[in-house]
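Report on the following structure.
The values are calculated or read from the model by the stated rules, or taken from the named source; none is laboratory data. Worth saying up front: this structure is predicted, and the values here are computed from it rather than measured. A quick note on method: Cβ atoms are made from the backbone with ideal geometry, for glycine too, and the neighbour counts reach across all protein chains shown.
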């Protein structure tokens, strides 16, 4: 008889399904909780976008039944981009000036004020609460009050005349857009203050202590420590503000209604004028699609820039 012992047979473990893993189920809980709301929002957004694309290819008058519309393909887009009677490119230029004239000053002012509030000072919390008041006000009320302030005999010209001895016509085509920009800066600079102040208060103190030991000045600490660590948050705030400022309608409409002429006709105002005033539903829908493309493109570029900065060694 052979003296060799029989080797024990190895038990083959049957692979368990992924849902039986407690860790996997734990990771899925947040997604399961937000899935219903996400699906509803996504379905509504997708349906609205598809419907908007369809309307942009129709020759349709406001109030006319949709089934009576005449398909025209890309004719509405071609008219907007090439026709001499279209003010689309003027609105793009006005929108660009409005976006740059608001977001950059708001960012710089908000960052500067956030740096001041980040210091240990008495009444800092009260001052922060006072500064956010413009954000909580109704935009239509802000536009109405600003319209009164920027009249020829209004409060703004009172201070301008006090310091310069002259008055300006803020409602004219030369300065109407400037008026809108100033109101927007006053209203939305606190948005950057809140976000950037929260970011400054969470920065680690060790790099600053090491820089102080090495003899670095305040400017050097700001340039080489604060600014690099805050840059991803700055880009995030810019993305959020950019998506909002490109859609602003109420303040501009209440102040000037897009006028005088087309001086304050940004793309949202052009959508309103084309669809509800001129009653060209197809062209108005085409303007909306172009605005969506611009918002998505700019947002994507900023998000890509933020991703590069975040993963930069």
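Suppose the filter is in contact with a helix residue (DSSP H, G or I) (Cβ under 8 Å, 6 or more places away or on another chain), surrounded by 11 or more Cβ atoms within 10 Å (Cβ to Cβ), closer than 22 Å to residue 233 by Cβ and at pLDDT 90 or above; does residue 107 pass it? Show your work before the answer.
Values: in contact with a helix residue (DSSP H, G or I) (Cβ under 8 Å, 6 or more places away or on another chain): yes; surrounded by 11 or more Cβ atoms within 10 Å (Cβ to Cβ): yes; closer than 22 Å to residue 233 by Cβ: yes; at pLDDT 90 or above: yes.
Answer is yes for this residue.
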task = State whether one or more residues within segment 66-73 are under 27 Å from residue 290 (Cβ atoms), surrounded by fewer than 17 Cβ atoms within 10 Å (Cβ to Cβ) and within 27 Å of the chain's Cα centre (by Cα).
result = no
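Criterion first (closer than 30 Å to residue 196 by Cβ, in a helix (DSSP H, G or I) and free of Cβ contacts under 8 Å to residues at least 12 places away in the same chain) does residue 253 satisfy it?
Values: closer than 30 Å to residue 196 by Cβ: yes; in a helix (DSSP H, G or I): yes; free of Cβ contacts under 8 Å to residues at least 12 places away in the same chain: no.
Considered against the rule, which asks whether it is closer than 30 Å to residue 196 by Cβ, in a helix (DSSP H, G or I) and free of Cβ contacts under 8 Å to residues at least 12 places away in the same chain, residue 253 comes out as no.
Kindly state which helices (runs of 4 or more DSSP H) lie completely within segment 110-183 and contain at least 1 residues that are touching a helix residue (DSSP H, G or I) at 6+ places or on another chain (Cβ under 6 Å) and within 23 Å of residue 95 (Cα to Cα). Step through it out loud before you land on a result.
Working: elements: 124-131, 133-136, 139-149, 155-164.
Helices (runs of 4 or more DSSP H) meeting the threshold: 133-136, 139-149.
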task = Under 6 Å between Cβ atoms, at least 6 apart or on separate chains: pull out the pairs that start in segment 191-203 with a residue that is touching a residue at least 40 places away in the same chain (Cβ under 8 Å) and end on any residue that is in a loop (DSSP other than H, G, I, E, B) and surrounded by fewer than 22 Cβ atoms within 10 Å (Cβ to Cβ).
result = 200/118
Sole residue being at pLDDT below 90, more than 27 Å from residue 71 (Cα to Cα) and in contact with a helix residue (DSSP H, G or I) (Cβ under 9 Å, 6 or more places away or on another chain), chosen from 306, 241 = 306
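Among 128, 102, which is surrounded by 12 or more Cβ atoms within 10 Å (Cβ to Cβ), modelled with pLDDT under 90 and within 28 Å of residue 248 (Cβ to Cβ)? Before the answer, list the steps.
Working: 102 fails: modelled with pLDDT under 90.
Checking each option against the conditions leaves just 128.
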message = Go through segment 54-74 and report how many residues are within 13 Å of residue 284 (Cα to Cα) and either touching a residue at least 40 places away in the same chain (Cβ under 8 Å) or touching a helix residue (DSSP H, G or I) at 6+ places or on another chain (Cβ under 7 Å) (or both).
response = 8
